[in-house]
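The values are calculated or read from the model by the stated rules, or taken from the named source; none is laboratory data. What you see is a predicted model; the values in this text were computed from it and never measured. A quick note on method: Cβ atoms are made from the backbone with ideal geometry, for glycine too, and the neighbour counts reach across all protein chains shown.
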Amino acid sequence: MKNISRLGFLVLIIVIALGSCKKDPKKEQIKAISNLESELYGAQAMDRDKGLHMIDSYLGFSEQYPNDTLSASYLFKAGEIAMNLQLGTQAIFYYDKILSNFPSFHKIPECIFLKAFIFENQLGDLNKAKQFYEMFIERYPNHSLSNDAKASLEYLGLSPEALIKIFQEKNGEMN
């Protein structure tokens, strides 16, 4: 009898020990993402392959945990990396996903502004850029990027030469 109760106690200890060794996959994924971020952002220049891998990691987390608040932050970071890698359409996709799925995310204004910026500077769609700059100004008139959005609208579509001429005229440097 003593041996059976000892055996039962031993089995119970083993079950508890094995259960406590079980790793939380979500925490492990967050840790892996953090390690990748350190590697990517620690470099002097963004490595394209590492950037793409980072985007995949962010997207994987957001798909696996669509309701987690970290998903919005990770999608925003994926959008930033995509934009920096000149993947404008992909960046727009991530910002749209945030706008649709996380309407109370604290960086919603930045998502709208960056969409306008990408449409203007990477995709060359000035009509869409105008639409999103105007939306940004209307919704967030006191935001720190509001003046940037107004200036972008004012100079939307102008060539670098035309911009230089305007700035020279404003500064009284016209020859």
Handout entry: Enumeration of residues in region 32-62 that are at pLDDT below 95, part of a helix (DSSP H, G or I) and acidic (Asp, Glu)
Key = Glu37, Glu39, Asp49
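Quick one: which residue in Ser104, Ser100 is assigned to a helix (DSSP H, G or I), farther than 23 Å from Met46 by Cα and free of Cβ contacts under 8 Å to residues at least 12 places away in the same chain?
Numbers: Ser104 fails: assigned to a helix (DSSP H, G or I).
So the residue among Ser104, Ser100 that is assigned to a helix (DSSP H, G or I), farther than 23 Å from Met46 by Cα and free of Cβ contacts under 8 Å to residues at least 12 places away in the same chain is Ser100.
Quickly run through region 156-175 and pick out the residues that are of a type in the set (S, T, N, Q) and in a helix (DSSP H, G or I).
To start, the set of residues in region 156-175 that are of a type in the set (S, T, N, Q) comprises 159, 168, 171, 175.
Across region 156-175, the qualifying residue is only Gln168.
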Completion exercise
Here the residues within region 113-134 that are within 20 Å of the chain's Cα centre (by Cα), part of a helix (DSSP H, G or I) and not charged (D, E, K, R) are Phe113, Leu114, Ala116, Phe117, Ile118, Phe119, Asn121, Ala129, Phe132, Tyr133
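Looking at Ala129, Ala149, can you tell me which residue is more than 22 Å from Ala78 (Cα to Cα), modelled with pLDDT of 95 or more, in contact with a helix residue (DSSP H, G or I) (Cβ under 6 Å, 6 or more places away or on another chain) and crowded, with 18+ Cβ neighbours inside 10 Å?
On the way: Ala129 fails: more than 22 Å from Ala78 (Cα to Cα).
After ruling out the rest, the residue left standing is Ala149.
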Problem - Condition check for Leu158: farther than 24 Å from Gln90 by Cβ, in contact with a helix residue (DSSP H, G or I) (Cβ under 9 Å, 6 or more places away or on another chain) and either without any contact (Cβ under 8 Å) to a residue 60 or more places away in the chain or aromatic (Phe, Trp, Tyr) (or both) - result: yes
Practice task
Scan region 75-90 and give yes if some residue there is assigned to a loop (DSSP other than H, G, I, E, B), within 30 Å of Lys27 (Cα to Cα) and aliphatic (A, V, I, L, M), otherwise no.
Solution key: yes
Handout entry: Selection from region 135-155 of residues that are over 19 Å from Met83 (Cα atoms), assigned to a loop (DSSP other than H, G, I, E, B) and not aromatic (Phe, Trp, Tyr)
Key = Pro141, Asn142, His143, Ser144
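Would you check which residues across region 27-62 are acidic (Asp, Glu) and within 12 Å of Tyr94 (Cα to Cα) and list them?
Our first condition is that a residue be acidic (Asp, Glu); within region 27-62, this holds for 28, 37, 39, 47, 49, 56.
The one that is acidic (Asp, Glu) and within 12 Å of Tyr94 (Cα to Cα): Asp56.
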